[in-house]
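Visitor: Quick one: the structure is below, and I'll ask about it shortly.
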Amino acid sequence: MPNRTEALEKPAVAVRRSASLWGDAWRRLIRNRLAVVGGVLVVTFFSLAILGPFIAPYEYQAQHLQEILANNNRPIAPFGSEFFLGTDNLGRDLLSRLLDGAQISMTVALVVQAVVLLIGLPIGAAAAWFGGRVDTYLMRFTDVIYAFPDLLFIILLSVAFRETFFGKAMNGLLLVFVAIGLTAWVGMARLVRGQLLSLKETEFVEAARAIGVSDFRIVTRHLLPNAMGPMIVAVTLGIPGAILAEATLAFIGIGAQAPRASWGSLVANGQPFLRSSPHLVIFPALAVATALISFTFLGDGLRDALDPKLKGKQ
């Protein structure tokens, strides 16, 4: 029979094993070079978004009328130049406006995914846990939202509420962020439902039911934490779509209102000068592409790191 010392050591061993699950995932993640590169770029973008107002050479809306289209046909000026990336057709510093665009894009990355979690997580969890008619009604509602064209729905919401207090908040950006989130939650709801259905009939859930644990506590304390890995991956991989949606809306004139400088609106404003001043389009487009690739690399790395089936392969 095990002695008292061995019996006391078993919980500590279990705790160490539980904690090592995330440690193993971290070690797998940092061995993925593309994921590390993506993570570094993501941190860089968020740092630029936070520090942008402090490190920008000028205010994003400041005009320098004597320097309109500065560095024309030579967009990157020598080090120490007054306008390192040149200016636009209104004499505004392009670097300062790119930093303002980074703030908008990183904000949409956070706000949209927060809306996705607030809507998709409870709907998916309720459908999986209660089943029956609740599951049927919630999933049919999800199918209806999924079938509606995303971009058209976002445009309709943006136009319908543009003149309201909600539509004018954050210079029109809050409405766009929420509209994008209202079309993006269906994938999260389906993911949460699928994960919880696979965990719902496990032994630890039956044990919790047997001792009288409430449904809410079982879902929040036992089921959702075990589905955290796929949810983290889904949130990370959903960010590029949100950034691209915001840039697309800004390109067609919906979203950030002048003089705010979304990357999409910068591309649209620079398009008429593509031949004479291609840097007005190239740099904002590169910013969008780099952000999308960074989050995609990081999301793919997280998916591989958090996949239990890969434990024995790496």
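Visitor: Restricting attention to the stretch 185-216, and to residues there that are small (Gly, Ala, Ser) and part of a loop (DSSP other than H, G, I, E, B), which single residue is nearest to the chain's Cα centre (by Cα)?
Guide: So in the stretch 185-216, the residues small (Gly, Ala, Ser) come out as 187, 189, 194, 198, 207-208, 210, 212, 214.
When the remaining residues are screened for being part of a loop (DSSP other than H, G, I, E, B), the result is 212, 214.
Details: Gly212: 38, Ser214: 33 Å.
Of everything passing the filter in the stretch 185-216, Ser214 is nearest to the chain's Cα centre (by Cα).
Visitor: Could I ask something else about it? Could you look through the stretch 284-305, keep only residues that are within 12 Å of Gly38 (Cα to Cα) and β-branched (Val, Ile, Thr), and pick out the one that is surrounded by the fewest Cβ atoms within 10 Å (Cβ to Cβ)?
Guide: Thr290
Visitor: In the list Thr248, Thr290, which residue meets the criterion of being in a helix (DSSP H, G or I), closer than 22 Å to Leu174 by Cβ, out of contact with any Ser or Thr (no Cβ under 9 Å at 6 or more places or on another chain) and modelled with pLDDT of 85 or more?
Guide: Matching residue, one of Thr248, Thr290: Thr248.
Visitor: Checking Glu59 against (1) more than 26 Å from Asn171 (Cβ to Cβ); (2) at pLDDT 75 or above; (3) of a type outside the set (A, V, I, L, M, F, W, C): exactly one of these is not met. Which one?
Guide: Only one criterion is unmet by Glu59, namely (1).
Visitor: On the basis of being aliphatic (A, V, I, L, M), modelled with pLDDT of 85 or more and part of a helix (DSSP H, G or I), does Ala25 make the cut?
Guide: On the way: aliphatic (A, V, I, L, M): yes; modelled with pLDDT of 85 or more: no; part of a helix (DSSP H, G or I): yes.
For Ala25, the condition - aliphatic (A, V, I, L, M), modelled with pLDDT of 85 or more and part of a helix (DSSP H, G or I) - is not met.
Visitor: Now for a different question. Against the definition (closer than 16 Å to Ala291 by Cβ and either of a type in the set (Asp, Glu) or buried (at least 16 other Cβ atoms within 10 Å of the Cβ) (or both)), how does Val267 come out, yes or no?
Guide: Judged against the criteria, Val267 is a match.
Visitor: For the condition modelled with pLDDT of 85 or more and surrounded by fewer than 19 Cβ atoms within 10 Å (Cβ to Cβ), what is the one hit in Ala147, Ala189, Ala160, Ala169?
Guide: That would be Ala147, the only listed residue that is modelled with pLDDT of 85 or more and surrounded by fewer than 19 Cβ atoms within 10 Å (Cβ to Cβ).
Visitor: Now for a separate question. For Leu175, state whether it is without any contact (Cβ under 8 Å) to a residue 12 or more places away in the chain, under 24 Å from Ile252 (Cα atoms) and part of a helix (DSSP H, G or I).
Guide: no
Visitor: Need the failing condition index for Ala261 against (1) part of a helix (DSSP H, G or I); (2) under 29 Å from Leu157 (Cβ atoms), just the number.
Guide: For Ala261, the failing item is (1).
Visitor: Can you tell me which of (1) touching a residue at least 12 places away in the same chain (Cβ under 8 Å); (2) part of a helix (DSSP H, G or I) is the one Ile254 doesn't meet?
Guide: (2)
The values are calculated or read from the model by the stated rules, or taken from the named source; none is laboratory data. On a predicted model such as this, the values are computed, not experimentally measured, just so you know. Ideal geometry is used to build each Cβ from the backbone, glycine not excepted, and the neighbour counts take in all protein chains shown.
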